[in-house]
Ligand SMILES: [Zn+2]
């Protein structure tokens, strides 16, 4: 059980200064500084820090993290990265995956992340090796990080050609994955692939998270297919569509029509600006599109939109610091959101995508937050300072906890 702590002089994102008391892993009191009526066993000053509900990485690929220098992707696009990865897959061992994934988890933890949903390659050549390695990582870091492992099923999954992949998907569920997923837009029958993956998720009682419309083709319609099927079957299920950059190639009227259906179906959307800016629109010099999910219009329709980093220093994205504040900065520059919205996308809304409910700093909620040394929220996103205090379930996370298992 965690000790009761009074965190004093915390600056909230609206600029107000408060004290926060924690007890038994929960927030027990929040109010004007110096007025807490509770007795706590410890005081920690957060003077000079901006405090937000902790960061959540809703879309990672921990099995590929830090492979940038082992795989070449001369074309720099999505298919180039996939081909490069397949070429070296036999060299990627279980311990190799665990080691690189743990390095990424530690980095994200230092940056204030307390929850990660990672996709795990589920392919014929690699079998369940990524799934098994990432389930081990999930266990190894459970004292400071809540990890979900999502199957990322290779294609095709439809028709006769997809038989082996469909069997592999069921093996991944038996192995203990937390989330069902795949890439319908790469399948010969994208609509059939969406339907198969959704049915599988519902049947297994697991959330669905698709790599949806990760291209700049205006006829790519994974997100709309998912919404149509969910509405047709009157489904109430935890569903997320990641990427959805093809949506930005459609007319505003079409975006609004699709967004209304996505909202009605309760589907969340995760924007991944860094990797999509890296992969899409390669070699186009005149009027290149931005490859950014249309966040404003989705939000206007009532869709919960989150944002994440996706790949971390691998052939899909050679850069990245495992820092949601870096993604927040990119969102402000490329998607023109405010600092408050940017932080919401990488914290409370990302929590909604991963856990089905938004996180917030309120009495009775888990005492899970991050304090960043900065003058205000905008500056914290602009500077991304390394000085952060990470609290997970009322416990201040340090390297002793990170290295315990
Ligand atoms: Zn991805």
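The numbers here are math on the coordinates, done by the rules we state, and not lab data. Predicted model only: the values in this text are computed from it and were never measured. FYI the Cβ positions are ideal-geometry reconstructions off the backbone, even for glycines, and counts take in every protein chain you see.
Values for this structure:
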read-out: Degrees between helix 163-175 axis and first principal axis of the chain (Cα, 0 to 90, nearest 10); value: 20
read-out: Residue with peak Gaussian network fluctuation, the chain [Cα springs, cutoff 10 Å], from 311, 287, 199; value: 287
read-out: Per-residue Cβ neighbour rank within 10 angstrom, fewest leading, 194, 363; value: 363, 194
read-out: Equivalent ellipsoid dimensions for the chain as semi-axes, Å, which come from the Cα gyration tensor, largest first; value: 35, 23, 21
read-out: Residues 82, 284, 258 arranged by fewest to most Cβ contacts within 10 Å; value: 284, 82, 258
read-out: Nearest 10 degrees, 0 to 90: helix 129-140 Cα axis against the chain principal axis; value: 10
read-out: The stretch 55-355, relative contact order [Cα under 8 Å, separation at least 6], %; value: 21
read-out: Fewest-first ranking of 163, 250, 64, using other Cβ atoms within 10 Å as the exposure measure; value: 163, 250, 64
read-out: Whole-angstrom gap from the stretch 179-250 to the stretch 329-405, using each part's C-alpha centre; value: 28
read-out: Alpha carbon convex hull of the stretch 273-342, projected area averaged over orientations, nm²; value: 5.1
read-out: Estimated Rh, the stretch 148-279: Kirkwood, alpha-carbon pairs, angstrom; value: 14.8
read-out: Residues of the stretch 189-213 with amide N under 18 Å of a point placed 7 Å along Cα→Cβ from residue 161; value: 189-197
read-out: Of 315, 366, 386, the one that fluctuates the most in a GNM where the chain has Cα springs shorter than 10 Å; value: 386
